[in-house]
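*Asks:* Sharing a structure, written as structure tokens. Questions coming.
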Amino acid sequence: MKPQLSVIAVALAGIAAPSPAQQASANQRGYWWYQAPPKPVAEPAAPDDLVKPVIPPMAELATWTPPRIRKLIEAQRDYAATVLTVDAVTDFWRLQDFARRKARAFAGVTQVAMLQHPELNARSANPLVGEARDRMGAMKDATRLAYLRAHAGEFALVMFSRLSCGYCHVQWPIIERFREETGWQVTLMDIDRRPDLAGRFGVSVTPTTMVIRRGSAQRMVIATGIEAYPGLAQTAYQAVKLLTGDIRPQQFLTGAGEEGGFFDALANGPVSARDPRVANDDADPVGEPGR
């Protein structure tokens, strides 16, 4: 028994007792404390390797999508700019020439498609010839004026001004011309004398011109600052059509006589997830607008 006790004594003697600092640290950490092993030190990133892009034959390149071709062109550009050899730079411009010819071909096919499908071509609704454009402008002016005159008893035009507003003196004659052309009632409101009107209608800038629907709370600002007569008449026309429900907000840029045509955003179906026709697509295969 004594030899065994001697061996145990020697083994225990080799284990050093913890120092007071170590004992205090262990007590602070608690019984379940665990220290994660240190993270390995990341090695510095190696510089980008210079790799020569592989350019396939043109027959294969013709089957690639434009994003893939663009990536190849960018890779060849970077490679050529790094090595600066004639061959590398020539390969880059060969790829550029391929992209140019592909774009030219797309433009050619587009021209054929526009001739075969004029409803997709802006020229069908917006001629470039001067005489035709003059005729189209006259037709739009007549359509706009007839519509505004037809609603003269339902709407009025109000211009908010101040005595100190120099621009108001320029805008008011334009408002009077609008009255002469359309037969609308127009009113000048001085918000210096009637400050309550500024708060009621939310006006802080003068001149501010507003379309108001009689007997209704509906109103809409159509000009802030000076607006020439053509623009004023066009915006008043669009505002009345919107307030009466003849158009939706998405059609506010649709000009007079352009409803259902190339410049009508809703002519060929819904373009918004909130359009009532979206919910009716499954139940209405014919595609009639939902109401």
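*Asks:* May I ask you to list the trypsin sites (Lys or Arg not before Pro) in segment 211-256 that are in a DSSP loop and have at most 16 other Cβ atoms within 10 Å of their Cβ?
*Replies:* Those that pass, being in a loop and sparsely packed, are R214.
*Asks:* Under the Karplus relation 6.51 cos²θ - 1.76 cosθ + 1.60, θ = phi - 60°, what is the ordered set of whole-Hz ³J(HN,Hα) values for segment 54-71, x standing for Gly and Pro?
*Replies:* Result, rounded to whole Hz: 8, 9, x, x, 4, 4, 7, 4, 5, 8, 6, 7, x, x, 5, 5, 4, 5.
*Asks:* Highest mean first, how do 227-237, 82-92 rank when packing is the count of other Cβ atoms within 10 Å averaged over residues?
*Replies:* For the peptides 227-237, 82-92, the packing ranking is 227-237, 82-92.
*Asks:* To make sure I understand the rule: partners must be lysines, Cα under 17 Å from the Cα of K241, and not fewer than 8 residues away in the same chain. Which ones qualify?
*Replies:* K140
*Asks:* Using packing as a proxy for protection, rank 110-123, 248-261 so that the peptide with the highest average count of other Cβ atoms within 10 Å comes first.
*Replies:* Top of the packing list down: 248-261, 110-123.
*Asks:* What is the set of long-range amide H partners of Q185 at a cut-off below 5 Å, with H atoms built 1.01 Å from backbone N?
*Replies:* Placed amide hydrogens put L157 under 5 Å from Q185.
*Asks:* A further question follows. With charges only on Cβ, +1 for K and R and -1 for D and E, what is the dipole size of segment 130-255 about its Cα centre, in debye, rounded to 20?
*Replies:* 300
*Asks:* Order 150-163, 51-64, 132-145 from most to least packed using the mean count of other Cβ atoms within 10 Å.
*Replies:* Final packing ranking: 150-163, 132-145, 51-64.
A short reminder: the numbers here are calculations on the coordinates, not readings from a lab. None of the values given here were measured: they were computed from a predicted structure. In this analysis, Cβ positions are derived from the backbone assuming ideal geometry, glycine residues included, and neighbour counts consider all displayed protein chains.
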